[in-house]
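Dumping the structure here so I can ask a few things about it.
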Amino acid sequence: MSLKTIDIKEGIKLHEIKTNKFKTNLISVFLTSKLSREDITKKALILTILRRGTNNLQSQEEINKKLEELYGASFDCGIDKLGDNHVLKFYIESLNEEYIYEKEDILNKSLNILFDIVFNPLVENAHFKEEYVNEEKNNVKLIIEGQKDNKSAYATQRCIEEMYKDKPYGLYKYGYIEDLDKIDSKNLYETYLELIKTCKIDIFVSGNFDDTKLEKGIIENQLISKLEPRKIELLNEKDESNQKENVVKESMQISQGKLDIGLNVKSKNKNAVSVYNAILGGGANSKLFQNVREKASLAYSAGSIYIKPKGKIIIKTGIEHKNYEKTLEIIKKQIEDMKNGKFTDEDIKNAKELIIASFKSMQDEQDSEISFYFGREIQRESVDIEKQIKDISDVTKENIVEAANSIEINTIFFLTKE
Amino acid sequence: MEERICKKIKEKCYMEKLDNGLQVIIVPKRNLQKKYIIWATHFGSIDNEFIDKESGNKIKIPDGVAHFLEHKMFEQKDGTDSLYTLMALGIDANAYTTNDHTAYLFECTDHFYEGLDELMDYVQNPYFTDENVEKEKGIIGQEIQMYDDDPGWQLYIGAMDCLYKNNPIKIDIAGTIESISKITPKILYKCYNNFYHPSNMVFVAVGDFEPNSLLEEIKKRLKKSENRDEIKRIYPEEKEEINKKLEEKEMEVSTPIFMIGIKDKLPENDIVKKHIGIEIILNMLIGKSSKLYSKLYSEGLLMGVPDIDYEFSSQYAHVLISGQSVDPKKVNEEVLKEIEQMKSAQIDKQEFERIKKKIYGDYAVEYNNVSDIGRMFVADYIKGINSFEYIEKFDQIDENYIKELLNTVFDENKAILSIVKGEAKN
């Protein structure tokens, strides 16, 4: 495996990951801009509008027919928050030519379709197609309302929202229903043009390909050559949420309660915090899983996630409503024990194994590997996977205790029955 | 070992049936870091009645035993839990129960043989006590509640309830809080001794392996046992007709979700060919390039491409189409109308070839990932299929066959609709 990065223009990069492990080539285009309340809903709409049609392929039906002809190449798109940045993601995965039954330049054709979708949307009289905008406004409305359908994800989003009240990171990635009325096909297209002019653009290609041919195909693509260079300023406010033990309860019709706890992490030693998080709530051997689920039989699920770019940990549990106090007490005890160094060398070893295994297996997954390198690109880090593994191995107990003592509860969010 | 090559996608698998009846399948994947092992027994949630090997008596067990057993297998006599022992090695271990099988698996990059030791040890050494069985009832009770809150799962169970009158597929895999309360160590041992015999199991390994030497390593770790005849399973009689047309549930969902089902006859020969054919039809009917999907999407009746599926075992077979819609009944009506339309019209040659390419691509992509391959080989083996057949039988499908399937399988009288919608606001 090797990563090669080429600056196509200022602010526009091509990242090539050569590998022969897969049946497929995976191409992605990431558009990164600042998270902001003003245009968050518009950007979510842009994501959904772009997949509707291009000036060449004017409808989803047309796009999909083209993809099916390429042996069922699949297009996907998504939206994410990465630190205080808002990322629109577009992917096409298609079979490598080695595995098809007729000869076809699938990779190049896939690239062209993806660029067409992102950079050449269907435009009528200097605005997006009216009909598509109206339909997608309705679609985004349903997505936002649908947030509550996945109770566990909803509880986590609400916890983060409470931790980052009125701050970019607290925003919901799909935006807000009240914005939709003010959006029309004209102002949405203007926002799109501005975004394409100013955002950071990263193109990733993972698979087995001829790099000279690939680079030529991308650099000579008309849509890419039309893009202007741009200065990139990414935003990453440090630690702007430091409230303490803010308790919020919300009720809905639900038979299992969701208790999420957001933690502030002051320590800058990210590797030590990663190991801390794995000991606390990383897997089935973690303190949370063992003490909340196994010993006390209080929960079906109990674990924690580390949001690296923001320096926050979120503990997630699914519990019976009546067990709120008891569960909270046990969780606090685990956090306290970590501060006092009450964990064994065995715990450290297990945690490291868990993290290292996840880094190693990443190389067997095209999308995870791309996400890893993209995260590194955004955080302006330059460690590769091997170095990352070594850094984790080098973390000591002292490092972890130090990290533990920089951690405090920020918000306790409980989703419970009515 | 017997070698089978799948030329089109350049994959091989090695197979051997051991003397004790265990089927071993090894799929080598050169240069991958990940190794995946999955060991499954042909014992799922629908296997609720059988003839006991020891006594020859007919035994009926409470709903949810297969799943309960899956949970309890990890617990060891010395007080350790194999799941944690594996996780401690950085090995991702898990288990799951479906309608027709229960599987124990792990995926790792390092410590492979330690993982193999542990897996083969715990699957062959059950340890159930009154105390540990009682405690598990609390944990599984929580899991059942989680399913109760899961609109997608309730939708599926609703669909099964419409399709089947007696088939246990309509019962929650985990059982109910009431049914699991009746589970005892004795019942668990009884089921273990019947169903966890090598002759009722399949062992699949995917990763950078040399097949023969891995086979020796597996044999070394197996307890001695004699081959046995197949287990006699008893299933309630099920008519060809559906149970009921419609089931609606109210839960907290923002947009209603729906599942259209069509009951099919129990599988006969050439089920793989039939499966591929039905997938082609479903893509032509409501896939992402279909006219119907475009129409329903632009009318705001669908928010995304519906999921399409053909599920079958020796005891059931049905087509499923599911998605999200503000008006599920209208979608259902349109789908049924379109099916009739397809029956009377000519098959569009170009469309047919395009969908075939797409489905070929879908099958080939399955070979990207060790866990997808492992699970696929297990699920297919339990149904009497070698997964390569899907790529091999692909060429045999023509328009006439599609026409025939349309007329025999897609019968409006066998169609049902399950809906989960938000509660009526007062």
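Which count do you get for residues in the stretch A:45-85 that are more than 14 Å from chain B (Cβ to nearest Cβ) and within 14 Å of the chain's Cα centre (by Cα)?
Start the filter on the stretch A:45-85 by keeping residues that are more than 14 Å from chain B (Cβ to nearest Cβ), which leaves A:45-46, A:50, A:54-56, A:79-85.
Filter once more, so that each one left must be within 14 Å of the chain's Cα centre (by Cα): A:79-85.
Total satisfying the criteria: 7.
Now, a different point. Does B:Glu118 satisfy being within 22 Å of B:Asn193 (Cα to Cα), acidic (Asp, Glu) and within 14 Å of chain A (Cβ to nearest Cβ)? Working first, answer last.
Details: within 22 Å of B:Asn193 (Cα to Cα): yes; acidic (Asp, Glu): yes; within 14 Å of chain A (Cβ to nearest Cβ): yes.
For B:Glu118, the condition - within 22 Å of B:Asn193 (Cα to Cα), acidic (Asp, Glu) and within 14 Å of chain A (Cβ to nearest Cβ) - is met.
Answer yes if at least one residue in the stretch A:378-396 is more than 20 Å from the chain's Cα centre (by Cα), under 21 Å from A:Lys266 (Cα atoms) and in a helix (DSSP H, G or I), and no otherwise. Walk me through it before giving the result.
Kept after step one, since they are more than 20 Å from the chain's Cα centre (by Cα), are these residues of the stretch A:378-396: A:386-387, A:389-396.
With the extra rule that they be under 21 Å from A:Lys266 (Cα atoms), the set shrinks to A:391-392, A:394-396.
If we keep only those that are in a helix (DSSP H, G or I) too, we end up with A:391-392.
Yes: the stretch A:378-396 contains one or more residues that are more than 20 Å from the chain's Cα centre (by Cα), under 21 Å from A:Lys266 (Cα atoms) and in a helix (DSSP H, G or I).
Yes or no: the stretch A:31-43 includes at least one residue that is of a type in the set (Val, Ile, Thr), outside any loop (DSSP other than H, G, I, E, B), touching a residue at least 40 places away in the same chain (Cβ under 8 Å) and farther than 17 Å from A:Glu194 by Cβ.
Within the stretch A:31-43, not a single residue is of a type in the set (Val, Ile, Thr), outside any loop (DSSP other than H, G, I, E, B), touching a residue at least 40 places away in the same chain (Cβ under 8 Å) and farther than 17 Å from A:Glu194 by Cβ.
Can you find a residue that is within 30 Å of B:Tyr14 (Cβ to Cβ) and touching a residue at least 12 places away in the same chain (Cβ under 8 Å) anywhere in the stretch B:165-187?
So in the stretch B:165-187, the residues within 30 Å of B:Tyr14 (Cβ to Cβ) come out as none.
Checked against the condition, which is being within 30 Å of B:Tyr14 (Cβ to Cβ) and touching a residue at least 12 places away in the same chain (Cβ under 8 Å), the stretch B:165-187 yields no hits at all.
Looking for something farther than 28 Å from A:Gly72 by Cα, out of contact with any Pro (no Cβ under 7 Å at 6 or more places or on another chain) and surrounded by fewer than 21 Cβ atoms within 10 Å (Cβ to Cβ) - is there at least one such residue anywhere in the stretch A:13-32?
No, there is no match, as no residue in the stretch A:13-32 is farther than 28 Å from A:Gly72 by Cα, out of contact with any Pro (no Cβ under 7 Å at 6 or more places or on another chain) and surrounded by fewer than 21 Cβ atoms within 10 Å (Cβ to Cβ).
Which of the residues belonging to the stretch A:143-182 are more than 13 Å from every other protein chain (Cβ to nearest Cβ) and in a loop (DSSP other than H, G, I, E, B)?
Across the stretch A:143-182, the qualifying residues are A:Tyr164, A:Lys165, A:Asp166, A:Lys167, A:Leu171, A:Tyr172, A:Lys173, A:Gly175, A:Tyr176.
Which condition number does B:Ile26 fail, the rest of (1) farther than 27 Å from B:Lys190 by Cβ; (2) part of a loop (DSSP other than H, G, I, E, B) being met?
Among (1) farther than 27 Å from B:Lys190 by Cβ; (2) part of a loop (DSSP other than H, G, I, E, B), B:Ile26 violates only (2).
Inspect the stretch A:223-239 for any residue being in a helix (DSSP H, G or I), in contact (Cβ under 8 Å) with a residue 60 or more places away in the chain and touching a helix residue (DSSP H, G or I) at 6+ places or on another chain (Cβ under 7 Å) and give the result as yes or no.
Restricting attention to the stretch A:223-239, the residues satisfying the condition of being in a helix (DSSP H, G or I) are A:223-225.
The next check asks that each one be in contact (Cβ under 8 Å) with a residue 60 or more places away in the chain; those that pass are A:223-224.
Going one step further and asking which of them are touching a helix residue (DSSP H, G or I) at 6+ places or on another chain (Cβ under 7 Å), we end up with A:223-224.
Yes, some residue in the stretch A:223-239 is in a helix (DSSP H, G or I), in contact (Cβ under 8 Å) with a residue 60 or more places away in the chain and touching a helix residue (DSSP H, G or I) at 6+ places or on another chain (Cβ under 7 Å).
Of these, A:Glu353, A:Glu346, which one is crowded, with 17+ Cβ neighbours inside 10 Å, without any contact (Cβ under 8 Å) to a residue 12 or more places away in the chain, outside the structural domain of A:Met163 (by TED's automatic domain parsing) and assigned to a helix (DSSP H, G or I)? I'd like the intermediate steps shown before the answer.
Numbers: A:Glu346 fails: crowded, with 17+ Cβ neighbours inside 10 Å.
Just one listed residue meets the conditions, A:Glu353.
Can you find a residue that is in contact with a strand residue (DSSP E or B) (Cβ under 6 Å, 6 or more places away or on another chain) and within 14 Å of chain A (Cβ to nearest Cβ) anywhere in the stretch B:56-73?
yes
So which residues in the stretch B:124-156 are surrounded by 20 or more Cβ atoms within 10 Å (Cβ to Cβ) and either of a type in the set (A, V, I, L, M, F, W, C) or in contact with a Pro (Cβ under 8 Å, 6 or more places away or on another chain) (or both)?
Passing the criteria: B:Phe128, B:Val133, B:Ile140, B:Ile144, B:Leu155.
Tell me, which residue of the stretch B:94-112 that is touching a His at 6+ places or on another chain (Cβ under 8 Å) and more than 17 Å from B:Ile140 (Cα to Cα) is surrounded by the most Cβ atoms within 10 Å (Cβ to Cβ)?
B:His101
Filter the stretch B:348-399 down to the residues that are of a type in the set (Lys, Arg) and within 22 Å of B:Asn200 (Cβ to Cβ) and list them by number. Don't jump to the end; show me each part of the working.
Step one: of the stretch B:348-399, the residues of a type in the set (Lys, Arg) are B:349, B:354, B:356-358, B:375, B:383, B:393.
B:Arg375, B:Lys383, listed by residue number.
To keep it simple, each residue is scored yes or no on (1) within 14 Å of chain A (Cβ to nearest Cβ); (2) more than 21 Å from the chain's Cα centre (by Cα); (3) surrounded by 23 or more Cβ atoms within 10 Å (Cβ to Cβ); (4) of a type in the set (Phe, Trp, Tyr).
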site: B:His275; (1), (2), (3), (4): no, no, no, no
site: B:Lys288; (1), (2), (3), (4): yes, yes, no, no
site: B:Gly304; (1), (2), (3), (4): yes, yes, no, no
site: B:Tyr310; (1), (2), (3), (4): no, no, no, yes
site: B:Val335; (1), (2), (3), (4): no, yes, no, no
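Would you pick out the residues in the stretch A:92-110 that are closer than 17 Å to A:Phe22 by Cβ and part of a helix (DSSP H, G or I)?
Let us first name the residues in the stretch A:92-110 that are closer than 17 Å to A:Phe22 by Cβ, namely A:92-100, A:106-107, A:110.
A:Glu97, A:Glu98, A:Tyr99, A:Ile106, A:Leu107, A:Ser110 - these are the residues of the stretch A:92-110 that are closer than 17 Å to A:Phe22 by Cβ and part of a helix (DSSP H, G or I).
The values are calculated or read from the model by the stated rules, or taken from the named source; none is laboratory data. All values derive from a computational prediction rather than experimental measurement. Methodologically, a virtual Cβ is constructed for each residue, glycine included, from the backbone with ideal geometry; neighbour enumeration extends over all protein chains shown.
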